[in-house]
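First the structure, in the form of structure tokens, and then the observations on it.
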Amino acid sequence: MKDHLVRILTNDGSLRAMAAVTTDLVEKICRRQGTDPTGTVALGRLITGAALMGSLLKGDQRLALMIEGNGPLSKLHAETDAEGHVRASIKVPVAGLPPKDNRFDVAGAIGRAGFLHVVKDLGLKEPYRGMVQLYSSEVAEDLAYYLTTSEQVPSTVALGVNLGLEAEVSAAGGFIVQAMPGGDESLIPLLEKRLATLPPTTALLKEGRGPVQILEQLLEGIPFSIKNETELSFRCSCSLKQVLGMLQGLGEDELQEMIAQQEATTITCEFCKQVYNLSKDDLKLLISTK
Ligand code: ZN
């Protein structure tokens, strides 16, 4: 099943939901980042959460989720746009933690203390910035806590990453269900009951069920219509032009120092790991064209 996401609205307007399959996306990104299994599950959840939240973007809008915790992974970052392009990075890819209660210790790897940052570039003068303290450090609950308290939209979030025997991503995906203002509030306790009995998203994905079927199972008996369906893919927006702009921003003094100290400058994109090599002459040109 190709990675994609769907966004739906129930016919009575009470609930909005997004669901996604992100298996290839998580595998591709985590392979580039060199994550260990716990790092893969942690970053995979954040990638899936960003992709789901991206379903509300339009045009050139962008969204980024960042988690900074006091655990070994240090900092995780996932970004997306309205077209379903996703990229992500992790500061320390290897958590090096043993499993806890037969599960990957994501909360331990992220750290129990820290913050979830949400940045939305909606094409306005300044990007919107939101931040909450980490709630459980399991990612899905942290995102639900942010959506419910900071954006004040009561939300349930499920994010899952399942690994195979070789630690490859065998299934990844998730969903967000949100109560719309003025909607039928009796639906929330009903959904919570259903959620408690619903198999994990990754188990449903492995049975071959896609985002729409997962939402059908979750919202059984509540009619809904699909508002948006988007393919998801890994894409990094970095370029030589961007790297040169960043270097120019360092200022002449710093560039002169770099020219004096090293034969060549190597810049590696934190997201796609593309390497940009710049000679002394490249740097000198930057100063002269300033
Ligand atoms: Zn890149």
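The values are calculated or read from the model by the stated rules, or taken from the named source; none is laboratory data. If you're wondering where the values come from, they're calculated on a predicted model, not measured in any experiment. Counting neighbours? That spans all protein chains shown, and the Cβs are built from the backbone with ideal geometry, glycine included.
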Condition check: surrounded by 15 or more Cβ atoms within 10 Å (Cβ to Cβ), of a type in the set (Val, Ile, Thr) and touching a Gly at 6+ places or on another chain (Cβ under 6 Å). Does Thr230 satisfy that? yes
Hey, any hits in region 189-199 for a residue that's modelled with pLDDT of 90 or more and not in a helix (DSSP H, G or I)? yes
Looking at region 3-18, which of the residues that are within 18 Å of the chain's Cα centre (by Cα) and of a type in the set (D, E, K, R) is farthest from Glu207 (Cα to Cα)? Arg7
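Given the criteria within 16 Å of the ligand (Cβ to nearest atom) and in a loop (DSSP other than H, G, I, E, B), does Lys241 qualify?
Working: within 16 Å of the ligand (Cβ to nearest atom): yes; in a loop (DSSP other than H, G, I, E, B): no.
It is false that Lys241 is within 16 Å of the ligand (Cβ to nearest atom) and in a loop (DSSP other than H, G, I, E, B).
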Options Ile226, Ile222; residue that is in the same structural domain as Pro93 (by TED's automatic domain parsing) and either of a type in the set (Lys, Arg) or assigned to a strand (DSSP E or B) (or both): Ile226
Which of the residues that make up region 100-122 are farther than 14 Å from Leu73 by Cα and free of Cβ contacts under 8 Å to residues at least 40 places away in the same chain? Lys100, Asp101, Asn102, Arg103
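Looking at region 26-48, which of the residues that are touching a Gly at 6+ places or on another chain (Cβ under 7 Å) and buried (at least 24 other Cβ atoms within 10 Å of the Cβ) is nearest to Cys272 (Cα to Cα)?
Step by step, filter region 26-48, then rank; the result is Cys30.
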So which pairs qualify, if the first residue must be in region 269-286 and under 11 Å from Gln256 (Cα atoms), the second must be more than 7 Å from the ligand (Cβ to nearest atom) and not in a helix (DSSP H, G or I), the Cβ gap must be under 9 Å, and the two must be at least 6 apart or on different chains? Lys280/Gln262; Lys280/Glu263; Lys280/Ala264; Lys280/Thr265; Leu283/Thr265; Leu286/Leu278
Region 200-237, residues that are at pLDDT below 95 and within 16 Å of the ligand (Cβ to nearest atom): Ser237
Restrict the check to region 266-285 and report whether at least one residue is part of a loop (DSSP other than H, G, I, E, B), outside the structural domain of Gln33 (by TED's automatic domain parsing) and away from the ligand (no atom under 14 Å from the Cβ). no
Residue check: is Met258 part of a helix (DSSP H, G or I), hydrophobic (A, V, I, L, M, F, W, C), modelled with pLDDT under 95 and within 16 Å of the ligand (Cβ to nearest atom)? no
Note: among Leu76, Leu65, just one is in a strand (DSSP E or B), assigned by TED's automatic domain parsing to the domain that holds Gly164, in contact with a Lys or Arg (Cβ under 8 Å, 6 or more places away or on another chain) and buried (at least 23 other Cβ atoms within 10 Å of the Cβ), namely Leu76
